[in-house]
1. At a threshold of 8 angstrom on Cα-Cα distance, excluding pairs fewer than six apart, so keeping six or more, what relative contact order does the stretch 31-105 reach in percent?
2. Considering lysine pairs in the stretch 31-105 that are 8 or more places apart or on different chains, how many have Cα atoms under 26 Å apart?
3. Ranked highest first by average number of other Cβ atoms within 10 Å, how do 48-61, 92-105 line up?
Amino acid sequence: MLIRIKFYKMNKSQPNIIRLAPIYQVTLNELSIEELLKQQKTIKFATGLVIGGLTTLLIIGISLALQKTNFVSSIVIPFSLLPIVFLNLSTLKKIKKELNSRENMQ
């Protein structure tokens, strides 16, 4: 799995302008244990927020659908954004697997 890391570089002739350097791709086995733990914590937090938001949207959509006789399109939004949760959970499994393999090596 590849993770994109963006590096920002300042131009000396124009110090107020930030230019984007090329995007480097780093595999999980190239990251340190601290970086993996930080990413794991961040992804867990973001996944929790996404799950909470999608649950809220689903509850609001269902309540609006019960109040009206027409179909409410806000019911579809949580289901269409659900793959984001699955991708985050897949990434968490890969990070956990990498951390376990490093513990077994020590």
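1. Numbers: 37 pairs, mean separation 29.7, N = 75.
The normalised contact order for the stretch 31-105 reaches 40 percent.
2. 12
3. Numbers: 48-61: 14.0, 92-105: 12.2.
Top of the packing list down: 48-61, 92-105.
Every number in this text was worked out from the coordinates using simple rules, so none of it is lab data. Just so it is clear, the structure is predicted and the values come from calculations on it, not from any experiment. Glycine gets a Cβ as well: all are built from the backbone with ideal geometry, and neighbour counts include every protein chain shown.
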